[in-house]
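The values are calculated or read from the model by the stated rules, or taken from the named source; none is laboratory data. What you are looking at is a predicted structure, and each value in this text was computed from that prediction instead of being measured. Cβ sites come from the backbone with ideal geometry, for glycine too, and all protein chains shown count toward neighbours.
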């Protein structure tokens, strides 16, 4: 969240407090505006995280599919149609997202470890480049299992991608243009990688 930007209010503060009361860590699960329709992937991810990460709670941005996923709501899961993503990134320990440009850059800026599940268009490039620069972990949502999602999130929580803290620091210190230029340099294929 940018300096001087207001938080989302008491309701969301209460959600995070409630989840933290029953779990040591919190993961945000958001697949973007139109991909939230993939409630199959959201469900697999929720099930995997709850199974593989017993000390973790999950906030789920489910769009129009929120009623279908409401059965997961409870002490360790909060399902909502929309979430204050930028604010939440300062409150969560990891994020599962679709590889959209905003989610990717917001995770880097906030130093939030991410599992990227790319579905279409530039998400494949963003996922590849993020993994190449050691900023995130990526999995194929078409073949995703609950165990894959849970194990990947658990690994992220135990082993922050090695490039993430440095890129986050540099983004805050030097600004987005410098960081974008350095990331492009870092993502250039090296000899023998193609």
Conditions (1) surrounded by fewer than 21 Cβ atoms within 10 Å (Cβ to Cβ); (2) assigned to a strand (DSSP E or B); number of the one not met by residue 29: (1)
Any hit, the range 108-129, residues being more than 19 Å from residue 30 (Cβ to Cβ) and crowded, with 17+ Cβ neighbours inside 10 Å: yes
Residue match in the range 16-32 (condition: more than 23 Å from residue 156 (Cα to Cα), modelled with pLDDT under 95 and touching a helix residue (DSSP H, G or I) at 6+ places or on another chain (Cβ under 9 Å)): no
Residue 118 vs. criteria on the phi < 0 side of the Ramachandran plot and within 13 Å of the chain's Cα centre (by Cα): yes
Filter pass, residue 42 being more than 20 Å from residue 160 (Cα to Cα), crowded, with 21+ Cβ neighbours inside 10 Å and within 14 Å of the chain's Cα centre (by Cα): yes
Residue match in the range 106-115 (condition: farther than 17 Å from residue 89 by Cβ and at pLDDT below 90): no
Within the range 143-184, tally of residues that are free of Cβ contacts under 8 Å to residues at least 24 places away in the same chain and either within 16 Å of the chain's Cα centre (by Cα) or closer than 20 Å to residue 25 by Cα (or both): 3
Those residues of the range 51-70 which are touching a strand residue (DSSP E or B) at 6+ places or on another chain (Cβ under 7 Å) and in a helix (DSSP H, G or I), in sequence order: 66, 69, 70
